[in-house]
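Visitor: Can you read through this structure? Questions will come right after.
The values are calculated or read from the model by the stated rules, or taken from the named source; none is laboratory data. These figures come from a predicted structure and were not determined experimentally. For neighbour counting, all protein chains shown are included, and Cβ atoms are generated from backbone atoms with ideal geometry for every residue, glycine included.
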Amino acid sequence: MNNYKRLSLNEREEISRLLASKCKPSQIAEKLGRYCSTITREIAAGGCNKYAYRAVKADRRAKRKASKRKFGKRRITTDQTLKKYILAKLKLYWSPEQIAQSLEKDYPENNRMRISPETIYATLYVLPKGNLKKELLSCLRRRHKRRHRKKGKQPVIERKLENMVLIDERPEEVEARVIPGHWEGDLLIGKNRQSELGSLIERTTRATILIPLKNRSADEVRKAFEKEFNRLPAPMRLSLTYDQGREMAQHELLSIRTKVQVYFAHKASPWERGTNENTNGLIRQFFPKGTDFSKISRKEIKRAQCLLNGRPRKVLNWQTPNEVFNKYLR
């Protein structure tokens with residue numbers, strides 16, 4: 001069977017002639033080298049049947065319908081102002097939903113500057129293959145990946161951290177996100193588990209701090225976190241919730257030097273640090289799994305931090321973390 005192409009007037013005339021000869025759609029399809037479904041759809045189009053089908057009338061109808069097709073004439077490609085706005089935000093790693101909401105905010109009285117997130121996604125995926133499509137798709141947060149079956153691992157017995165204060169003792173105001181200054185922390189592990197990147201996320205404002213690390217020793221992590229915390233005003237460094245990783249072995253010294261109370265989540269309970277876990281997914285947009293953080297400069301890391309904090313968030317009513325964080329500093 002040949003690759004599909006639209007029926008021609010000659011083929012329609014042949015269909016009309018064969019129908020008059022009482023041929024079945026399957027017989028017509030075989031003679032024309034077409035799928036039977038193509039013939040049956042053609043006969044049924046416009047409310048016709050095998051008795052009412054006429055070639056010229058069917059051809060005119062097909063041409064009318066073809067003239068109404070967009071053929072790639074999406075508003076993103078025809079409206080240059082809208083196109084430039086969307087491309088600029090995509091290159092800042094904004095999601096289509098963030099872009100759609102930001103358009104309403106930046107152009108409140110211009111209904112032409114409106115578009116749905118689905119339309120942005122659809123337009124990106126129908127772009128012809130090339131560097132532009134590759135560049136823009138790489139800006140999207142989610143990428144389809146092949147799933148692999150997880151192999152069972154032998155449990156690793158780790159020494160418990162001394163004098164841990166569990167999350168059960170954390171004040172209710174932290175859980176309610178009533179007061180800013182309460183953080184969640186974690187490490188993102190690099191290629192072959194040979195490098196790492198620290199992350200601190202403020203629970204109320206979703207402000208993100210990315211911390212380059214030389215290694216994951218308790219001394220290195222404590223010094224790096226201490227340096228970042230002491231750059232913050234005192235009201236914005238109240239507590240830190242962390243998992244029970246050995247890199248936090250010096251948590252008591254960290255608390256003494258920063259006045260930040262450290263709380264620990266229960267073992268294997270990542271949902272107790274949900275803000276951090278979710279943000280780590282956003283960070284992976286910039287530094288996918290397999291990244292060697294030892295080869296990523298501090299400038300690149302802080303650029304990603306800047307982009308994350310300058311991006312509007314649905315959970316913040318489409319304000320940016322920077323905007324919300326700065327409101328609390330006034």
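Visitor: One residue is enough: does region 37-50 have a residue meeting the conditions among the polar types (S, T, N, Q), over 16 Å from residue 65 (Cβ atoms) and assigned to a loop (DSSP other than H, G, I, E, B)?
Guide: The answer is yes; a qualifying residue exists.
Visitor: For region 267-294, how many residues are without any contact (Cβ under 8 Å) to a residue 40 or more places away in the chain, among the charged types (D, E, K, R) and either outside any loop (DSSP other than H, G, I, E, B) or under 23 Å from residue 241 (Cα atoms) (or both)?
Guide: Number of matching residues: 1.
Visitor: Could you list, ordered by first residue, the pairs with Cβ atoms under 7 Å in which the first is in region 5-25 and closer than 12 Å to residue 42 by Cβ and the second is in a loop (DSSP other than H, G, I, E, B) and of a type in the set (Lys, Arg), at least 6 apart or interchain?
Guide: Hits for this filter: 16/54; 19/50.
Visitor: May I pose another question? Does at least one position in region 85-92 carry a residue that is over 30 Å from residue 309 (Cα atoms), among the β-branched types (Val, Ile, Thr) and in a helix (DSSP H, G or I)?
Guide: no
Visitor: May I ask you to say which residue of 277, 300 is within 13 Å of residue 198 (Cα to Cα) and surrounded by fewer than 18 Cβ atoms within 10 Å (Cβ to Cβ)?
Guide: So the residue among 277, 300 that is within 13 Å of residue 198 (Cα to Cα) and surrounded by fewer than 18 Cβ atoms within 10 Å (Cβ to Cβ) is 277.
Visitor: Here is a further query. Which residues, counting only those in region 47-76, are surrounded by 14 or more Cβ atoms within 10 Å (Cβ to Cβ) and at pLDDT below 85?
Guide: 48, 50, 74, 75, 76, listed by residue number.
Visitor: For the condition at pLDDT below 95 and surrounded by 13 or more Cβ atoms within 10 Å (Cβ to Cβ), what is the one hit in 212, 180, 171?
Guide: 171
Visitor: Let me ask you something else. Suppose we filter 193, 114, 147 for residues that are loosely packed, with under 15 Cβ neighbours inside 10 Å and at pLDDT below 90; which single one remains?
Guide: Testing whether each residue is loosely packed, with under 15 Cβ neighbours inside 10 Å and at pLDDT below 90 leaves just 147.
Visitor: So in region 171-205, with the set limited to residues that are among the polar types (S, T, N, Q) and farther than 16 Å from residue 245 by Cβ, which one is nearest to the chain's Cα centre (by Cα)?
Guide: So the residue we want is 205.
Visitor: What is the number of the single condition among (1) free of Cβ contacts under 8 Å to residues at least 24 places away in the same chain; (2) closer than 20 Å to residue 195 by Cβ that residue 319 does not meet?
Guide: Answer for residue 319: the failing condition is (2).
Visitor: Search region 232-271 for residues being farther than 22 Å from residue 179 by Cβ and polar (S, T, N, Q), and hand back the single one that is surrounded by the fewest Cβ atoms within 10 Å (Cβ to Cβ).
Guide: 269
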